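Here is the structure we will look at.
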Amino acid sequence: MKKARLNEPFQKSADDLKQCSPAAKRLRGCLSQVFRGLNVGRAQARFSGFLKKAILRKGYLDFSAFAGYDFQQEHPLGSLLLAPLAVEIGGGEARVRIEPDAGAVKQKNALVSHYYFDLVLVWGNAGVDGGLRLDSVSSVLYPFGTAHQPCKLSLALPESRAPWMLLLKTSCLEGNELAHHPRHYGMKVVAVGESAVSSRQSAVGKEGNGEKRCC
């Protein structure tokens, strides 16, 4: 009896799918820097599933299957952030605008006093060690129950062709400390794509300080 041999396309597909588990582990490790306060559950298994979908659809790893993903299934971003949200991609930048009126973020108990937003961009090749990068920018603190000027955050897209995904996180504070319960946090993928822009622009939004990290 001779062993059955996969034809070349099937063999390539099988080899590609083997990348998904370690790629998901790398992605989770990279994003763990912004998981504080969240209960993400079996995130690595979900990431692996999304990456498999991308390979089966497109033949390579990217973040296309992550579009609209809420990191907390029990506490989605939409149950916390009630204000209108606008996302714009163009000119080498990803921009988010939030209208923080008096009821922009739901105050889920009397202990939480302030809230703020993080815009996070993760990009690069999850298929290799050290292939991912994470950029982020944070807003100022907003007291609950008070209307403010619109919050505008922006991050530069990768200058070389690379898959990316954009995340928005909302976090609440209890006085001078971060809130303890996951219901006071929400994070969601608000855009995905691939870039090939010629130059990096400012990666600092108008509302706060930017940060760049390697994963």
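The values are calculated or read from the model by the stated rules, or taken from the named source; none is laboratory data. Keep in mind the model is a prediction, meaning the values are calculated, not measured. Please note: Cβ atoms are built from the backbone with ideal geometry, for glycine as well, and neighbour counts cover all protein chains shown.
Could you please find all residues in the stretch 87-121 being aliphatic (A, V, I, L, M) and within 23 Å of PRO158 (Cα to Cα)?
VAL87, ILE89, ALA94, VAL96, LEU119, VAL120, LEU121
Tell me the residue from PHE66, PHE50, PHE35 that is under 22 Å from SER171 (Cβ atoms), aromatic (Phe, Trp, Tyr) and buried (at least 17 other Cβ atoms within 10 Å of the Cβ), please.
Exactly one of PHE66, PHE50, PHE35 is under 22 Å from SER171 (Cβ atoms), aromatic (Phe, Trp, Tyr) and buried (at least 17 other Cβ atoms within 10 Å of the Cβ), namely PHE66.
Hey, among LEU51, LEU61, which residue is of a type outside the set (Gly, Ala, Ser), more than 30 Å from LYS108 (Cα to Cα), touching a Cys at 6+ places or on another chain (Cβ under 7 Å) and in contact (Cβ under 8 Å) with a residue 60 or more places away in the chain?
Details: LEU61 fails: touching a Cys at 6+ places or on another chain (Cβ under 7 Å).
Only one candidate passes the filter, namely LEU51.
From the list VAL112, VAL120, which one is in a strand (DSSP E or B), of a type in the set (Val, Ile, Thr) and surrounded by 15 or more Cβ atoms within 10 Å (Cβ to Cβ)?
From the options VAL112, VAL120, the qualifying one is VAL120.
Of all residues in the stretch 80-109, how many are over 28 Å from ARG26 (Cα atoms), in contact (Cβ under 8 Å) with a residue 40 or more places away in the chain and part of a strand (DSSP E or B)?
5
Read through the list (1) in contact with a Ser or Thr (Cβ under 9 Å, 6 or more places away or on another chain); (2) hydrophobic (A, V, I, L, M, F, W, C); (3) over 25 Å from GLU194 (Cβ atoms), then give the number of the only condition that VAL140 fails.
All conditions are met except number (1).
Which residues, counting only those in the stretch 83-98, are of a type outside the set (Val, Ile, Thr), out of contact with any Phe, Trp or Tyr (no Cβ under 9 Å at 6 or more places or on another chain) and surrounded by 15 or more Cβ atoms within 10 Å (Cβ to Cβ)?
ALA83, LEU85, GLY92, GLU93, ARG95, ARG97 - these are the residues of the stretch 83-98 that are of a type outside the set (Val, Ile, Thr), out of contact with any Phe, Trp or Tyr (no Cβ under 9 Å at 6 or more places or on another chain) and surrounded by 15 or more Cβ atoms within 10 Å (Cβ to Cβ).
Could you tell me which residue of the stretch 135-185 is surrounded by the fewest Cβ atoms within 10 Å (Cβ to Cβ), considering only residues that are polar (S, T, N, Q) and in a strand (DSSP E or B)?
SER138
With (1) farther than 16 Å from ALA191 by Cβ; (2) touching a residue at least 40 places away in the same chain (Cβ under 8 Å); (3) part of a loop (DSSP other than H, G, I, E, B) as the list, and GLN73 as the residue in question, which single condition is left unmet?
It fails just one condition, (2).
State which residue is modelled with the highest pLDDT when the search covers only the stretch 187-215 and only residues that are among the basic types (Lys, Arg) and over 26 Å from HIS75 (Cβ atoms).
Applying the filter and picking the extreme gives LYS212.
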